[in-house]
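The values are calculated or read from the model by the stated rules, or taken from the named source; none is laboratory data. Note that this is a predicted model, so its numbers are computed, not measured. Neighbour counts are summed over all protein chains in view; Cβ atoms, including those assigned to glycine, are modelled from backbone coordinates with ideal geometry. Note: accessible area is taken over every heavy atom of the protein model, side chains too, but ligands, DNA and RNA are not part of it. Shrake-Rupley method; radii C 1.70, N 1.55, O 1.52, S 1.80 Å.
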Amino acid sequence: MNKLSMDFSRMDPFISQAELKEEREKHKAMYSRILESEKNDGDQVLGWMDLEEIANDEVVLTIEKKAEEVRADADLFILIGVGGSNQGARAIIKALQTDGPDIIYSGNNLSPKYMKDILDQMEGKSVYVNVIAKNFATLEPGLCFRMIRQRLEKTYGLEGAAKRIIATGSPGGSSLEVLAKDKGYLFLPFPIPVGGRFSVLSPVGLFPIAVAGIDLKALIQGGKDMKASILTEKSEDADVLTYSIVRNKLYNMGYAIELLTYFEPSLAYFSKWWIQLFGESEGKDDKSVFPSAASFSEDLHSLGQWIQSGKKNLFETFVNIKKPLEELIVEPDESSDYFDYLDGKDFHDINQIAFKATLQAHSDGNIPCMTLEVPELNAYYFGQMFYFYEMACYTSASILGVNPFDQPGVEAYKHYMFESLKQ
């Protein structure tokens, strides 16, 4: 099995091999408990680890059947959700979708212009909707779903609209499940023991991904293969454990920001998923690394100066895609534009040179750098990346000493907002 891997070779000036060995030994027992924890999930928060259950053949068959219906008839597919309810699906759809209906995202803000633009885009088009909410109590997706549902019911009638709405929520009597039964929507399970930011390989992410025409079986297999690899690795060779140790060691050395950087713009929304995963999981008890991201080489012309010569309080994790999504050769030009030295070169090779030059420059600038090497950007390796980072987040948070599966701070703004709205 080809798999993604981490390159820590440039970490030596900051964390020695002896220190890494010592830290791996120190956390070996804890890491073993993490790998075994799926079997002893008393807190019911580790359902994301059990891919055989959350992405079982029966639910995948239901998803693929409905997705084919949507793909055959829809001009526009609206994904309604916020945070973990759409970040994972959007990450891979934005990177890999090549056909199928236009997909737009709603329920992630309260801008009247954004909402009005979506309603305007629905005019004269065949529209399907997937509303995703674990508890269906969050204002943003709830309000946006009302607006879109009302427009669908006005256009297609109650029964016609019901056939175009797919609800994904907690089974067992959640308000969204009750509404779906009332209205006659297809209801897909948002697994109860899975938090939103860990839900991409469950029906939460799988249905919209299938509507985009992306290979679900390859995606799920990538996750399963990464899980199998993690379970069989020795702790001294485990990238998940080493990455988690490095993050926490650097944090304790004063490097409070991790910058996920990439030279493939298709990863822009993956970086948003990654930011939520680590930010919401670790940002507690007045501690943790701040997760951020940058798209190179564009952001080298804005943040590059600060990264190279500013305050040394960040470290970088580069995501390097080895095989290009496309091949494009620079053709010779009769005009004298002073770029003749690029004639005959492939854009991917030029991009790789930019990546290696940046890595070298930032390392020389005394910035801790490591690299996630990804063989190819396809559904299979997205599955690997999703599962790798979910496990890394669990492990890193455990080393940090925080619970990665709650988000008490998110509720604070909701309290004040609901308090004001109900006056």
Quote the charge dipole size of the chain about the Cα centre in Debye, to the nearest 20; the model charges only the Cβ of Lys and Arg (+1) and of Asp and Glu (-1).
1560
Semi-axes of segment 335-423 from the Cα gyration tensor (sqrt of 5 times each eigenvalue, largest first, whole Å) come to 43, 21, 17
Among GluC sites (Glu not before Pro) in segment 225-283, those in a DSSP loop whose Cβ has at most 15 other Cβ atoms within 10 Å are GLU233
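Grab the DSSP H runs of the chain that are 4 residues or longer, score each as -39,500 (n - 2.57), total them, divide by all residues and round the 222 nm result to the nearest 500 deg cm²/dmol.
-15500 deg cm²/dmol
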Given the options VAL402, SER174, ALA72, identify the residue whose Cα lies farthest towards the positive end of the charge dipole of the chain (+1 on Cβ of Lys, Arg; -1 on Cβ of Asp, Glu).
SER174
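Give me the percent of Cα-Cα pairs in the chain that sit more than 34 Å apart, rounded to a whole number.
Percentage above 34 Å: 35.
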Per residue, how much accessible surface does segment 182-233 expose to a 1.4 Å probe? Answer in Å², no decimals.
29
Shape of segment 38-117, Cα gyration tensor, a/c cut at 1.5
oblate
With a 1.4 Å probe and every protein chain kept in, tell me what percent of the accessible surface of the chain is carbon plus sulfur.
50
Share of Cα-Cα pairs in segment 2-159 beyond 28 Å, in percent?
44
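Could you state the accessible area per residue of segment 83-151 in Å², with a 1.4 Å probe and every protein chain left in place?
Normalised by residue count, the accessible surface of segment 83-151 is 42 Å².
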Are any of the pairs LYS3/LYS322; LYS21/LYS312; LYS94/LYS183; LYS181/LYS422; LYS217/LYS323; LYS66/LYS181 more than 19 Å apart by Cα-Cα distance, and if so, which?
LYS21/LYS312; LYS94/LYS183; LYS181/LYS422; LYS217/LYS323
As an exercise, find the ratio Rg/Rh for segment 278-342 from alpha-carbon atoms, using the Kirkwood inverse-distance average for Rh.
1.17
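From largest to smallest, what semi-axes in whole angstrom does segment 267-410 give when each is the square root of 5 times an eigenvalue of its alpha carbon gyration tensor? Kindly include the intermediate steps, with their values, before the conclusion.
Details: eigenvalues 242, 74, 28 Å².
Each semi-axis is √(5λ); the values are 35, 19, 12 Å.
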Hey, what D do you get for segment 84-243 in µm²/s if you plug the Kirkwood alpha-carbon radius into Stokes-Einstein at 25 °C and 0.890 mPa s?
143
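Rounded, prolate or oblate: which fits segment 248-301, taking a ≥ b ≥ c as square roots of the Cα gyration tensor eigenvalues, rounded meaning a/c under 1.5, else prolate when a/b beats b/c? Walk me through the intermediate numbers first.
Details: a/c = 3.33, a/b = 1.65, b/c = 2.01.
Taking the square roots of the gyration eigenvalues as a ≥ b ≥ c, segment 248-301 is oblate.
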